[in-house]
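J.: One structure is given below, represented as structure tokens, and several questions about it will come after.
We did not get these values from a lab; they are worked out from the coordinates using the rules stated. This one's a predicted model, so the numbers in the text were calculated from it and none came from an experiment. Cβ atoms come from the backbone with ideal geometry, glycine included; neighbour counts cover every protein chain shown.
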Amino acid sequence: MEQRPSLVGRIARLVGNMATAEDLAHEAYLRASAAAGETRIASPKAFLGRTAWNLAIDYVRRERREREIFARPSDPETVAAVASTQPSPEATALDRQVIALLDQALEGVPDRARRVLVLNRVEGWTYPEIAAHLGVSSTTVQKDIRLALARCIAVLSEKDLI
């Protein structure tokens, strides 16, 4: 503990950040303590100082390397190799098939039940909002959603999509 202020100060001058210096000093103490438990250390103060310094140097090198990596412009081949956040063509085709099946399933459902399902699942309306909008009870909204979902699940199950 008596080494802490000078140790943190030396590390902070190297890394340029007091919070990081505190973290590195703590890590150095943990490592030095673990090493002292395994073997006899002739000069614990020097060992702690060297451990902290090495951690700080490693931190600075890692930070510099990351800045270089993220600062350099990417070549087109590298950019092309990065995974896209867009769905694959196969996933898009499957999604379109599922939507078409759901449209077909909802054709056999009463209009109000279809409308309730769309308001709830697509538009994000709550049951009470839908009930007030359509002039029905929340229980009716629940029954309509149950009816529409049961039909959708039946159609998707027939096609082994769920």
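J.: Scanning the chain for GluC sites (Glu not before Pro) in DSSP loops with at most 12 other Cβ atoms within 10 Å, what's the longest stretch left with none?
T.: Details: sites that count: Glu2, Glu123.
Here the longest segment lacking exposed loop sites spans 3-122.
J.: Another question, if that's okay. Relative to the first principal axis of the alpha-carbon coordinates of the chain, what is the inclination of helix 18-38, with its axis defined by its Cα atoms, in degrees from 0 to 90 and to the nearest 10?
T.: It works out to around 70 degrees.
J.: Enter the angle in degrees (range 0 to 90, nearest 10) between the Cα long axis of helix 89-107 and the first principal axis of the Cα atoms of the chain, meaning the one along which they spread out most.
T.: The helix 89-107 is inclined about 30 degrees to the chain.
J.: May I ask for the percentage of alpha-carbon pairs in region 4-76 that lie more than 20 Å from each other?
T.: Above the 20 Å cut-off, region 4-76 has 39 percent of its Cα pairs.
J.: Under 14 Å from the Cβ of Gln97, count the other residues' Cβ atoms, weight Lys and Arg +1, Asp and Glu -1, and hand me the total. Write down the numbers at each step before the final one.
T.: Values: positive: Arg96, Lys159; negative: Glu90, Asp95, Asp103, Glu158, Asp160.
It works out to a net charge of -3.
J.: Filter the trypsin sites (Lys or Arg not before Pro) in region 99-162 to those in DSSP coil with at most 14 other Cβ atoms within 10 Å of their Cβ, and list the result.
T.: On the way: sites: Arg112, Arg114, Arg115, Arg121, Lys143, Arg146, Arg151, Lys159; in loops: Lys159.
Passing sites in region 99-162 are Lys159.
J.: What is the percent of Cα-Cα separations in the chain that go past 27 Å?
T.: 62 percent
J.: What's the ranking of 5-12, 130-137 by average number of surrounding C-beta atoms within 10 Å, highest first? List each step's numbers first, then the result.
T.: On the way: 5-12: 17.0, 130-137: 14.6.
In decreasing order of mean packing, 5-12, 130-137 become 5-12, 130-137.
J.: Also: Nearest 20 debye, what's the magnitude of the dipole of region 4-76 about its Cα centre given +1 on Lys and Arg Cβ and -1 on Asp and Glu Cβ? Write down the numbers at each step before the final one.
T.: On the way: 13 positive and 9 negative charges, 67 e Å.
In debye, rounded to 20, region 4-76 gives about 320.
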